[in-house]
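Q: Sharing a structure below in structure tokens format, with a few things to ask.
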Amino acid sequence: MKKKISEIIIVEGRHDTDAINHAVDAHTIETHGFGIKKETWDLIKKAHETRGIIILTDPDHAGMQIRKRIKESFPEAKEAHIKGSEVEDASPETIISALSSARCGREYSEEVFTFSDMIRNGLSGDQNSVSKRRDLGDKLGIGYGSTKQFLNKLNLFGIRKEDFYEALQDRKNS
């Protein structure tokens, strides 16, 4: 039996919906690209008000722009991130993992992490900084970003220091 997701999942297109339906029992709303129509915005608003939404877009430029636009209108929306591939190409296990670790950013994030934490832990200025941020973002369920974006995500999503260091240790052990 498939895992049931109570929130409505916002995706880019029909193939993403197909991939979601292979992985979980859920409803989706398709944006059909960056030019989201008024009718689609109305559906997203209704879903947000009644069941909540999870944004699951591709990790490319277009997907990130769609995610950003939706988050501007619905800052309490949860976000799920797929590692390195498009949603439509992700395995059911990858989709389930992404949805299970969906997080909601806090409106007022407190600064738990600083730029010094990024440097001290090899997430900036290190030869492997990009891959470290990518791996850590996947483990924490917050996705990839530049050093500044990653630092903002750590604070925005309320990542605890314990979870951060546990994910760093898991990365070293794998």
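Q: Calculate the length of the line joining the C-alpha centroid of region 14-76 to that of region 111-174, in whole Å.
A: 26
Q: Once the Cβ-Cβ distance between HIS32 and ASP89 is put in as r, and R0 is 22 Å, what FRET efficiency do you end up with, to the nearest 0.05?
A: Efficiency for this residue pair is about 0.75.
Q: Where in region 84-174 are there chymotrypsin sites (Phe, Trp or Tyr not before Pro) that are in a DSSP coil and have at most 12 other Cβ atoms within 10 angstrom of their Cβ?
A: TYR108
Q: Moving on to the next point. Which label belongs to the value computed from this structure, given these candidates for mean projected area of the Cα convex hull in nm²: (i) 10.3; (ii) 12.4; (iii) 11.6?
A: (i)
Q: When LYS139, LYS71 are ordered from fewest to most other Cβ atoms inside 10 Å of their Cβ, what list results?
A: LYS71, LYS139
Q: THR147 versus ARG51, label points 7 Å from Cα toward the beta carbon: distance in nm?
A: 4.3
Q: Could you check what % of the DSSP bridge pairs in the chain are antiparallel, to the nearest 5? Don't jump to the answer; show the numbers that get you there.
A: Details: 2 of 11 bridges.
Given both bridge residues lie in the chain, the antiparallel proportion sits at roughly 20 percent.
Q: Given a cut-off of under 8 Å on Cα pairs at least six residues apart, what relative contact order in percent is computed for the chain? Provide the component values of the computation, followed by the final result.
A: Working: 270 pairs, mean separation 31.5, N = 174.
RCO, the chain: 18 percent.
Q: With an 8 Å cut-off on Cα pairs and a minimum separation of 6 or more residues, tell me the relative contact order of region 66-137 in percent.
A: 24
Q: Evaluate the charge dipole of region 115-173 about its Cα centre and quote only its size in Debye, nearest 20, assuming +1 on the Cβ of each Lys and Arg and -1 on the Cβ of each Asp and Glu.
A: I would put it at about 140 debye.
Q: Determine the shape class of region 84-174: with a ≥ b ≥ c the square roots of the Cα gyration tensor eigenvalues, call it rounded for a/c under 1.5, and otherwise prolate if a/b is greater than b/c, oblate otherwise.
A: Details: a/c = 1.74, a/b = 1.28, b/c = 1.37.
It is oblate, given that a/c is not under 1.5 and a/b is not larger than b/c.
Q: Right, next: Calculate, in nm to one decimal, what ILE119 and GLU72 gain on full extension: separation in residues at 0.36 nm each, minus their alpha carbon distance.
A: So the extension gain works out to 14.0 nm.
Q: Quick check on the chain: helices-only [θ] at 222 nm, where DSSP H runs of length 4 and up contribute -39,500 (n - 2.57) each and the sum goes over total residues. Nearest 500, please.
A: It comes out at -15000 deg cm²/dmol, rounded to the nearest 500.
Q: Roughly how big is the chain's charge dipole about its Cα centre, with Cβ charges of +1 (Lys, Arg) and -1 (Asp, Glu), in debye to the nearest 20?
A: Values: 28 positive and 29 negative charges, 61 e Å.
With Lys and Arg at +1 and Asp and Glu at -1, about 300 debye.
Q: Still on this structure: Loop-only check: which GluC sites (Glu not before Pro) in region 75-160 are DSSP coil with at most 11 other Cβ within 10 angstrom?
A: Sites meeting the loop and neighbour criteria: GLU107, GLU110, GLU111.
Q: Quick check on region 60-137: take the gyration tensor over C-alpha atoms, sort the square-rooted eigenvalues as a ≥ b ≥ c, and tell me if it's rounded (a/c under 1.5), prolate or oblate.
A: oblate
Q: Hey, fewest Cβ within 10 Å first, where do LYS172, LYS132, LYS45, LYS153 land in order?
A: Final ranking by Cβ density, sparse to dense: LYS172, LYS45, LYS132, LYS153.
Q: Please give the residues of region 16-32, grouped as numeric ranges, whose backbone N is less than 15 Å from a label point set 7 Å along the Cα-to-Cβ vector of GLU39.
A: 29-32
Q: Starting from the 7 Å offset along Cα-to-Cβ, what nm value, one decimal, do you get for the label separation of SER101 and ASP126?
A: 1.7
Q: Too long at a 23 Å Cα-Cα cut-off: which of LYS132/LYS153; LYS3/LYS139; LYS78/LYS161; LYS38/LYS71; LYS46/LYS139; LYS71/LYS172?
A: LYS46/LYS139; LYS71/LYS172
Readers should treat all values here as calculations from the given coordinates under stated rules, not as data from a laboratory. Just so it is clear, the model here is predicted, and its values are computed rather than measured. Note that we place each Cβ from the backbone using ideal geometry, even for glycine, and neighbour counts take in every protein chain shown.
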